[in-house]
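Report on one structure; see the data block that follows.
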Amino acid sequence: MDSGLRSLFATAFWAAFLAGCGGGGSPGGPMSNATVAGSWHESLTSTGSGRKSTVDLYILQNGTTLSSNRVALGATCSSNGTMSGSVSGDDVAMTITGINGDTINVTGTVSENSSSMSGSYTIKTSGCDLSDDMGTLSATLIPPVQSSSWSGTITSTRYPPNTDTFTANIREDNSGGLSGKLSFTGPYCSSVLTPSVSISGSQTGALIGFSDTEADGIGIFGAINASAKSISGLYGVSDCSGDNGTFTMNRP
């Protein structure tokens, strides 16, 4: 093969190779969109005041469309709200609307494994002494709390130093709804509490709440750690003379 043909062959080969690889940087096929469904904990930092606040939400995803009717706000004049948004590739855009009419607009980029997000936000407040704001955002995907291996302890603040132990079997659906069983096993209050009760509740970002429908009236609200293997917070019980206090629960 002479040098001219060799050069032509090499040129054609590399052109075909680059086309097969997406033209050396251009997509070789349809762009895939990040999967962001699940519980997210967002940390917001104001560029003006340095004020830090949080947003917790459970994102539902249908193709490129994002939504949530389960949003807990620590950043605006509202305590909760809804979200609508979209995803294109790794880019996410969300508008969160609080129950008092305030809004948070978020733009961010999702990590390669869809476990974290970073970006920016702007807030328009309504009905309180907080001012409009803007800043940076980082977010973490919190794993589901579903497990049959939870165990924990309640510690009474109304009747110290009483404590009790419990186990929990929690199931979680694809919208963050929780169901399962809670069983008290320790000496305090277990004689009057129903031995095993059905519970229902929800996971919203790094927040969890559930209760039963029995006469004992157990209610639990807590914060989940980043690995979703530890939860701590507050409890209340109608029985045991209206006891309340703190709890911790863990799983392997």
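All of the numbers you see were taken from the coordinates with simple rules; none came from a lab. The structure presented is a predicted model; accordingly, all values stated were derived computationally and were not measured. Don't worry about glycine lacking a Cβ; one is built from the backbone with ideal geometry, like all the others, and counts go over all protein chains shown.
May I ask you to verify whether T140 is within 30 Å of I199 (Cβ to Cβ), among the polar types (S, T, N, Q) and under 16 Å from the mean Cα position of the chain (by Cα)?
It is true that T140 is within 30 Å of I199 (Cβ to Cβ), among the polar types (S, T, N, Q) and under 16 Å from the mean Cα position of the chain (by Cα).
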Out of (1) surrounded by 16 or more Cβ atoms within 10 Å (Cβ to Cβ); (2) β-branched (V, I, T); (3) touching a Phe, Trp or Tyr at 6+ places or on another chain (Cβ under 8 Å); (4) in contact (Cβ under 8 Å) with a residue 40 or more places away in the chain, what's the single condition that is false for T167?
(4)
Filtering the range 88-104 down to residues that are surrounded by fewer than 16 Cβ atoms within 10 Å (Cβ to Cβ) and under 23 Å from A34 (Cα atoms) yields S88, G89, D91, A93, T95
Quick check on the range 148-156. Is at least one of its residues at positive phi and in contact with a strand residue (DSSP E or B) (Cβ under 8 Å, 6 or more places away or on another chain)?
no
Residue match in the range 175-197 (condition: under 23 Å from L60 (Cβ atoms), free of Cβ contacts under 8 Å to residues at least 60 places away in the same chain and β-branched (V, I, T))
no
